[in-house]
Amino acid sequence: MNKAWRSIILLGLISLLLAALAFGCAQKAPTPPTTATIPAGEPDPAVWGKVYPDQYASYLKQKEMTKGNSKYGGSVPESHLKEAPVQVKLFAGYPFSEDYNEERGHVWALEDVTKTQRVGPKTISSCWNCKSPNVPPLIEKMGDSFWSTPFDQLKDQIKHPIACADCHDAQTNALKITRVTLLDALKTRGVDPAKLSRQEMRTMVCAQCHVEYYFRPEDKRVTYPWKYGLKMDDAEKLYEEINFKDWDHKESGAPMLKAQHPDYELFSTGVHAANGVACADCHMPYIKQGTSKISSHQIQSPLNSLSQSCQTCHKQSEQYLKDQVIGTQDQVFKTKVSLEKALSDAIDAINTASKNPNAKAEMMTQARTLHRKSQWRWDYISAENSMGFHSPKEALRVLGEGIDLARQAQLTANLAVGTAAGGTANPDAGKTPGAGTSVDAAGPGAAPKQQ
């Protein structure tokens with residue numbers, strides 16, 4: 001009897017299970033959630049964030065203003081002029097003597113460029129070039145008239161700070177060069193962008209903006225001085241060839257050059273670049289966000305993510321690696337400060353000598369040329385964002401040359417009025433190996449680089 005009941009119960013359970021399965025199979029499968037898409041040319045990062053929420057959340061972390069583990073740099077808008085008042089003197093007669101702050105993250109690009117005192121009534125739209133994904137469509141629409149259009153005239157059409165569309169294709173998410181200025185520069189160097197590997201593109205999308213540039217005199221188009229190569233000397237050679245200047249120094253009267261932020265150029269001379277490391281490997285390392293592995297879009301100093309940025313290749317402790325980076329930067333910083341002192345002395349000597357009616361004109365011209373060349377070297381490393389770590393050997397070479405040239409400028413100015421203790425002017429002053437003779441003044445129409 002018990003066996004019979006057990007059989008009946010078992011058959012009943014089997015019947016119920018089969019009925020449930022049959023009912024389930026008769027129902028429609030659940031409708032999958034709608035997949036968001038990104039319209040072609042969409043500049044708003046929030047729209048991209050619907051498709052890539054983890055990357056977007058990471059991108060928004062750029063709003064945090066902190067120095068983190070950085071001793072030099074960070075994203076706190078501290079004044080370089082308050083930190084080093086001598087820079088007011090070095091930039092005398094140029095807007096950087098009035099307002100020069102540490103850069104913040106990409107999300108602050110529009111706020112920072114519209115609020116800086118360096119932007120004025122004469123500022124042109126070339127200064128928008130690297131500030132927004134709204135720029136490439138405007139250039140496509142306006143052509144070369146974009147560059148010389150007054151800055152404020154396009155203000156209402158530029159609505160989003162640096163974001164996803166500056167580096168990615170909306171349909172495929174592939175890395176993409178969106179700046180015609182970089183495409184121009186690559187063409188100058190004989191590089192076919194279509195043949196760049198993905199690893200190379202992880203650097204080239206950064207090289208769209210983290211570079212030295214000038215405004216081409218004839219149309220104010222943003223141009224990278226890569227005709228002769230990527231080194232400081234190569235840019236200087238081009239500037240001398242086209243008789244370019246950014247401004248006349250208010251105290252020395254020298255025709256000056258203003259470096260921008262030659263991060264890519266200095267990095268290209270360093271050991272990491274030589275070993276195939278990309279900008280993104282260190283500044284946008286792979287991280288775990290929720291259950292996903294993504295490339296960090298916070299974009300910050302590798303010192304704030306040592307385990308992801310450095311220890312994937314270097315097996316030493318985080319403290320050791322941090323000490324190595326900061327120790328190298330300390331050495332570059334100390335040399336940079338020495339050059340600032342030498343420049344200040346050179347400016348004083350030239351300024352004093354220029355007030356003497358008996359000063360020898362040829363020697364004064366030579367002293368001003370030396371000032372121009374020396375300060376260009378200082379600014380090239382000072383304006384670069386790694387405090388020399390991208391290429392320490394090259395940074396120290398450039399600064400060392402600058403110190404020598406600054407002291408030559410000081411001596412030459414003193415000799416011009418006979419105040420130096422003996423000696424004669426160096427007949428090769430104003431020259432650097434392989435660079436030829438420096439120019440003394442810029443040609444007409446040269447436009448200042450204000451950003």
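Each value in this text was obtained by applying a stated rule to the coordinates, not by laboratory testing. None of these values were measured; they are calculated from a predicted model. Every residue, glycine among them, receives a Cβ derived from its backbone with ideal geometry; neighbour counts consider all protein chains shown.
If you take the beta carbon distance between VAL88 and LYS355 as r and set R0 to 30 Å, what does 1/(1 + (r/R0)^6) give as a FRET efficiency, to the nearest 0.05? The value I calculate is 0.90. Across all directions, the average flat footprint of the convex hull enclosing the Cα atoms of the chain is 31.0 nm². Here is the list for the stretch 191-278: chymotrypsin sites (Phe, Trp or Tyr not before Pro) lying in DSSP coil, each with at most 16 other C-beta atoms within 10 angstrom of its C-beta, are TYR228.
Which loop-located trypsin sites (Lys or Arg not before Pro) does the stretch 103-193 contain, where loop means any DSSP state but H, G, I, E or B and the Cβ has at most 13 other Cβ atoms within 10 Å? Intermediate values should be presented prior to the final figure.
Numbers: sites: ARG104, LYS115, ARG118, LYS122, LYS131, LYS141, LYS155, LYS159, LYS176, ARG179, LYS187, ARG189; in loops: ARG104, ARG118, LYS122, LYS131, LYS159, LYS176, ARG179, ARG189.
Qualifying residues, ordered by number: LYS122, LYS159, ARG189.
Label sites at ASP323 and GLU241, each approximated as a point 7 angstrom past Cα along Cα to Cβ, lie 4.7 nm apart.
Want the number for ARG198 to TYR228: 0.36 nm per residue separation, take away the alpha-carbon distance, what's left?
Answer, rounded to one decimal: 8.2 nm.
Applying 1/(1 + (r/R0)^6) with R0 = 51 Å to the Cβ-Cβ distance of THR172 and SER338, what FRET efficiency is obtained, to the nearest 0.05? It comes to 0.55. The calculated 222 nm mean residue ellipticity attributable to helices in the chain amounts to -13500 deg cm²/dmol, summing -39500 (n - 2.57) over DSSP H runs of n ≥ 4 and dividing by all residues.
The stretch 233-289: percent of C-alpha pairs farther apart than 18 Å? Show your work: numbers first, answer last.
Numbers: 889 of 1596 pairs.
That tail contains 56 percent of the Cα-Cα pairs.
Note: the stretch 39-82, Cα convex hull, 103 Å³ per residue.
Under a Cβ-Cβ cut-off of 14 Å, what is the net charge of the residues other than CYS310 that fall near it, where Lys and Arg count +1 and Asp and Glu count -1? Could you put the intermediate results ahead of the total?
Working: positive: LYS315, LYS322; negative: ASP281, GLU318, ASP323.
Once positives and negatives cancel, what remains is -1.
Pairs of lysines in the stretch 314-405 whose Cα atoms sit within less than 26 Å of one another amount to 15, provided the residues are eight or more positions apart or on different chains. Cα centroids of the stretch 160-218 and the stretch 287-339: 24 Å apart. At an R0 of 41 angstrom, the distance between the Cβ atoms of LYS293 and LYS155 translates into a FRET efficiency of 0.55. About the centre of its Cα atoms, the chain shows a dipole size close to 1260 debye [charges on the beta carbon of Lys, Arg (+1) and Asp, Glu (-1) only; nearest 20 debye].
Given charges of +1 on the Cβ of Lys and Arg and -1 on the Cβ of Asp and Glu, with all other atoms neutral, how large is the dipole of the stretch 101-151 about its Cα centre, in debye to the nearest 20?
Values: 6 positive and 6 negative charges, 31 e Å.
Its charge dipole is roughly 140 debye.
Taking Cα pairs under 8 Å and at least six residues apart, what relative contact order does the stretch 209-267 come out at, in percent? Don't jump to the answer; show the numbers that get you there.
Details: 70 pairs, mean separation 21.7, N = 59.
Relative contact order comes out at 37 percent.
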